[in-house]
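K.L.:
Structure incoming, see below.
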Amino acid sequence: SKTPIIVGSKSFTESKVVSEIYALALEKAGYKVTRKQNISNSVVFKAVQTGQIDVYPEYTGTIVDAYLKQSTTNKNAKQIAAAAKKGVAKYKLTTLTPAPGNDSQGIAVTTKVAKKYGLYTISDLQKKANKIRFVSQGEFDQRADALPGMVKKYGKFDFKSSKDYDDSLKYKILSEGKGDAAPVSTTDGQLANGNKYTLLKDDKHLWPAYNLVPLVRNSTLKSHPKMAKALNQVDKKLTTKTLTELNKKVDVDV
């Protein structure tokens, strides 16, 4: 097909970086590509349905939770991926092979504090909460899948203190020693520095898998037969560690 593939992205670093890698891979496969990145998170799913874009990087958990309005509770990564693939078919869309990389919700603590109190899991954090100054973001205290979900799954967290800050400030607050723990995304670039921050293991599996996956229009796949192979070859290399390193290059190193 001589029709360019329109590659989109959401409006945050990881989505824009992976979108660009998709675009480069498709160009290498011989296709013309038009880039349409930095689309608002609230409209990007509609954009791929209506043909404003042909493909963009999405997340299995987001598709099931946010778009299909289905529960991800007690579902493993494979089950969530299967539900996403099945669910988007009615929109004449498909998901390709999910990446191993999982951009999920998590809790990070400064490594100094982790070592001091032996914090390696969220269960550890719950037991030592009275020693910890929690850096929250307001809505995290309210959302069912956030602190209330943690309390339901792990028990009450009696933090030494809990203060609300703008989400963009969380690592600054932690690095300045004004707080000890904060809600994070598990592929945040700052987490690449293990000497500085420790991502706690969600040992009771509160948060579902949010594996990165290309979400693409069926008609585009049909008219571009090498497209699926090109994107699947990219996705299989996008581990959580790789995504974290890519985010670090943009959000930390620059």
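K.L.:
Test residue 124 against the criterion of being closer than 25 Å to residue 44 by Cβ and not assigned by the TED database to the domain that holds residue 33, and give yes or no.
P.N.:
Against the criterion (closer than 25 Å to residue 44 by Cβ and not assigned by the TED database to the domain that holds residue 33), residue 124 does not qualify.
K.L.:
Among the strands (runs of 3 or more DSSP E) confined wholly to segment 141-254, which include 1 or more residues that are among the polar types (S, T, N, Q)? Lay out the reasoning, then the answer.
P.N.:
Details: elements: 161-164, 181-185, 197-199, 212-217.
Where strands (runs of 3 or more DSSP E) fall fully within segment 141-254 and carry at least 1 residues being among the polar types (S, T, N, Q), they are 161-164, 181-185, 197-199.
K.L.:
I've got another one for you. Can you run down the residue pairs with Cβ atoms below 7 Å, 6 or more apart or on separate chains, where the first is in segment 1-26 and without any contact (Cβ under 8 Å) to a residue 60 or more places away in the chain and within 18 Å of residue 97 (Cβ to Cβ) and the partner is among the polar types (S, T, N, Q) and not in a loop (DSSP other than H, G, I, E, B)?
P.N.:
7/19
K.L.:
Confirm whether residue 115 is of a type outside the set (Asp, Glu), under 21 Å from the mean Cα position of the chain (by Cα) and modelled with pLDDT of 95 or more.
P.N.:
In short, no.
K.L.:
With within 30 Å of residue 91 (Cα to Cα) and open to solvent by 50 Å² or more (accessible area, probe 1.4 Å) as the only criterion, which of 195, 232, 211, 218 stands out?
P.N.:
Answer to the selection: 218.
K.L.:
Hey, among the residues in segment 150-176 that are out of contact with any strand residue (DSSP E or B) (no Cβ under 9 Å at 6 or more places or on another chain) and under 23 Å from residue 123 (Cβ atoms), which one's surrounded by the most Cβ atoms within 10 Å (Cβ to Cβ)?
P.N.:
Initial filter on segment 150-176 (out of contact with any strand residue (DSSP E or B) (no Cβ under 9 Å at 6 or more places or on another chain)): 151-156, 158, 166, 168, 172, 176.
Applying the additional criterion that residues be under 23 Å from residue 123 (Cβ atoms) yields 151-156, 158.
Working: 151: 12, 152: 11, 153: 16, 154: 19, 155: 13, 156: 10, 158: 12.
Here the residue is 154.
K.L.:
Restricting attention to segment 1-38, report how many residues are of a type in the set (Val, Ile, Thr), at pLDDT below 95 and within 24 Å of residue 67 (Cα to Cα).
P.N.:
The total comes to 1.
K.L.:
Quick one: what pairs do we get from segment 81-108, first residue on the phi > 0 side of the Ramachandran plot, second open to solvent by 20 Å² or more (accessible area, probe 1.4 Å), C-beta under 8 Å, 6+ apart or different chains?
P.N.:
Cβ pairs passing all conditions: 92/49; 92/217; 92/218; 92/219.
K.L.:
Then there's this: Go through segment 66-87 residue by residue and tally those that are outside any loop (DSSP other than H, G, I, E, B) and out of contact with any strand residue (DSSP E or B) (no Cβ under 7 Å at 6 or more places or on another chain).
P.N.:
Total satisfying the criteria: 9.
K.L.:
Would you check if there is a residue in segment 100-113 being open to solvent by less than 70 Å² (accessible area, probe 1.4 Å), over 28 Å from residue 55 (Cα atoms) and in a helix (DSSP H, G or I)?
P.N.:
So far as segment 100-113 goes, yes, one or more of its residues are open to solvent by less than 70 Å² (accessible area, probe 1.4 Å), over 28 Å from residue 55 (Cα atoms) and in a helix (DSSP H, G or I).
K.L.:
(1) over 30 Å from residue 137 (Cβ atoms); (2) at pLDDT below 95: which one isn't true of residue 65, the others all being true?
P.N.:
Exception for residue 65: condition (1).
K.L.:
Please enumerate the residues belonging to segment 35-65 that are more than 14 Å from the chain's Cα centre (by Cα), part of a loop (DSSP other than H, G, I, E, B) and either of a type outside the set (A, V, I, L, M, F, W, C) or closer than 16 Å to residue 18 by Cα (or both).
P.N.:
Selection gives 37, 38, 39, 40, 42, 51, 52, 53, 54.
The values are calculated or read from the model by the stated rules, or taken from the named source; none is laboratory data. Given the structure is predicted, the values throughout are model-derived calculations rather than measurements. When we count neighbours, we look across all protein chains shown, and the Cβ atoms used for this are built from the backbone with ideal geometry, even at glycine. Side chains included, ligands, DNA and RNA excluded: accessible areas come from the protein's heavy atoms. Shrake-Rupley method; radii C 1.70, N 1.55, O 1.52, S 1.80 Å.
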